[in-house]
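First the structure, in the form of structure tokens, and then the observations on it.
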Amino acid sequence: MQKVGILGGGQLGRMLLQAAANYPVETYVLENDSECPAAHLCDHFTKGDIRNFDAVYAFGKGLDSITIEIENVNTDALEKLEAEGVKVFPRPAVLKTIRNKILQKQYYAKHNIPSPEFMVTETRQALQQAAHFLPAVHKIAEGGYDGKGVQVIRKQEDLPRGFDAPSVLEKMVEIQKEIAQMVAINSKGEIALYPPVEMVFDQSLNLLDYQLCPAAIDDKTLWKVEAIAVQVVKNFESPGIFAIELFVDRNGAVLVNETAPRVHNSGHHTIEAHFSSQFDMLWRIILGFPLGNTDAILPSAMVNVIGAEGFTGKANYEGLAEVLAIDNAFVHLYGKKETKPGRKMGHVTVLSKEKQELIHQANKIRGLLNVQSTSE
Ligand code: ADP
């Protein structure tokens, strides 16, 4: 049986392990927190820091393959493991490019992949010279996630709000739609595309509000999205699964926002709504089996379950029974003991042939399900 390790033990690792149960594979997880969402679903848990060279190297030595559920891992250790014959999904060189926004943007430019125009700023002081580039969005090169590390700079007075660290300053796009395209690519270079999804954002928290699949885009836009996504993935020359976030602007132009080289929040609906989920697909790629069927069984909506403002402590799921009573709703709780404002605690997928029904149910679920804490 192949031995496969996952760096990181969050909800993505947890759902990856749920899918692993169907395959001949022995699973390993490395994570600092022994109570993390993935800790109790793997065959072997190792407590350790995924950013530490020695921890990652010792964990990976002796495994057949290794994958990630978060980009912030020790890539030097992964490169050494790769050189010694451990297969790494995605390849460490790709991880290095993607997890640094400057390198990621330069990659798009080099391969003629449309992406918002940008300039690099090394310090906050350097940013002050960029008034001619506004309105823009300032993005810290490393360490940002879920909207942290992103700052909107509309006018000159906003410039002091920028990051005092290497960053990209991106021209503000007039966004018509935000789309995500999942792409699977195996070791032979064969590619499978999921139907793109459309994302609707909560302006206050900058976290996903709800998501619809398939995205409501015309055929021409769909072809652009697919062609661009394939272009992004092909040039990485790495097997794995990739989530490409794109903007459709007011003029219908399609631009890449960013890529994640791993299973992703925008693919959660594939667990129930598609023949082969993103998690199932990654196991097929890692274990060398044929790619799965990416077709939708039914259209779907997905709602993230987020820790409510003002509550920190032991999680309590208000309205859970009401949501579970909804036909065609699938609830996933991630097993996080503690809630805090904005923390991703779970998600709910609903399936329906009718788009209006999906939107209605997504909004209903958002209103019903509330993650609070039992003790303040
Ligand atoms: P994160 O990796 O933290 O999610 P993103 O780069 O995806 O950060 O940016 C978060 C959000 O900010 C996007 O979903 C989008 O709504 C907005 N945004 C990012 N870049 C631009 C841009 N160039 N123009 C307009 N809005 C943007």
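For segment 225-256 versus segment 122-164, the inter-centroid distance based on Cα atoms is 24 Å. Each of Pro92, Phe133, His111 was placed along the dipole of segment 1-135 (beta-carbon charges, centred on the mean Cα), and the one lying farthest toward the positive end is Phe133. What the phi angles of segment 244-256 give under the Karplus curve with 6.51, -1.76 and 1.60, with θ = phi - 60°, is a coupling list of 10, 8, 10, 10, 9, 8, 4, 8, x, 6, 10, 10, 7 Hz, glycine and proline written as x.
Here the 3J(HN,Hα) profile of segment 291-302, calculated from phi with Karplus coefficients 6.51, -1.76 and 1.60 at θ = phi - 60°, is 4, x, 7, 8, 4, 7, 6, 8, x, 8, 10, 10 Hz, Gly and Pro shown as x. DSSP bridge analysis restricted to the chain gives an antiparallel fraction near 80%, rounded to the nearest 5. If R0 is 22 Å, the Cβ-Cβ spacing of Phe201 and Asn363 corresponds to a FRET efficiency of close to 0.95. Under the rule a/c < 1.5 gives rounded, and otherwise a/b versus b/c splits prolate from oblate, where does the chain land using the Cα gyration tensor? Rounded shape, in that the Cα axes give a/c under 1.5. Rounded to the nearest 20, the Cβ-based charge dipole of the chain about its Cα centre (Lys and Arg +1, Asp and Glu -1) stands at 460 debye. Cβ-Cβ distance of Gln128 and Lys234, R₀ of 35 Å, FRET efficiency by 1/(1 + (r/R0)^6): the value works out to about 0.35. Candidates Pro341, Ala165, Ser373 compared by Cα position along the dipole of the chain: farthest toward the positive end lies Ala165, with charges placed on Cβ.
Of the residues Leu324, Ala243, Gln356, the one whose Cα sits farthest towards the positive end of the charge dipole of the chain is Ala243 (charges of +1 on Lys and Arg Cβ, -1 on Asp and Glu Cβ, taken about the Cα centre).
Using R0 = 35 Å, the C-beta based FRET efficiency linking Trp223 and Phe289 works out to 0.75.
When each of Ser187, Ser115, Ser300 is scored by the number of other beta-carbon atoms lying within 10 Å, the sequence from fewest to most is Ser187, Ser115, Ser300. Here the contact order of segment 235-376, divided by its residue count and restricted to Cα pairs under 8 Å and six or more residues apart, works out to 23 percent.
Normalising by residue count, segment 1-154 has a Cα convex hull of 141 Å³ per residue. Here segment 238-327 is assigned +1 on the Cβ of each Lys and Arg and -1 on the Cβ of each Asp and Glu. Its dipole about the Cα centre then comes out at about 320 debye. Extension gain for the segment Tyr23 to Lys355, taken as residue separation times 0.36 nm less the Cα-Cα distance, is 116.1 nm to one decimal. Each Cα pair under 8 Å and six or more residues apart adds its sequence gap; the mean of these over the residue count of the chain is a relative contact order of 13 percent. Evaluating 6.51 cos²θ - 1.76 cosθ + 1.60 at θ = phi - 60° for every residue in segment 81-92, the Karplus couplings come out as 4, 4, 4, 8, x, 7, 7, 10, 10, x, 4, x Hz, glycine and proline recorded as x.
Over the chain, DSSP H runs of length four or greater, each weighted -39,500 (n - 2.57), average out per residue to a 222 nm ellipticity of -7000 deg cm²/dmol.
Judged by the ratio a/c of the largest to the smallest principal axis of the C-alpha gyration tensor, segment 148-307 counts as prolate, that ratio being 1.5 or greater while a/b is larger than b/c. Fewest-first ordering of Lys139, Lys96, Lys337 by other beta carbons within 10 Å of each residue's beta carbon gives Lys337, Lys96, Lys139. Separation of segment 1-39 from segment 52-118 is 18 Å, based on Cα centroids.
Shape analysis of segment 1-85 places it in the oblate category; the axes a ≥ b ≥ c from the Cα gyration tensor give an a/c of at least 1.5, with a/b not above b/c.
Ordered by the count of other Cβ atoms within 10 Å of each Cβ, fewest first, Glu178, Glu69, Glu117 give Glu117, Glu178, Glu69. Based on C-alpha pairs under 8 angstrom that are at least 6 apart in sequence, segment 118-185 has a relative contact order of 43 percent.
Just so you know, all these numbers are worked out from the coordinates, no wet-lab data involved. This structure is a prediction, so every number in the text was calculated from the model and none was measured. Every residue, glycine as well, gets a Cβ built from its backbone with ideal geometry; the counts of neighbours run over all protein chains shown.
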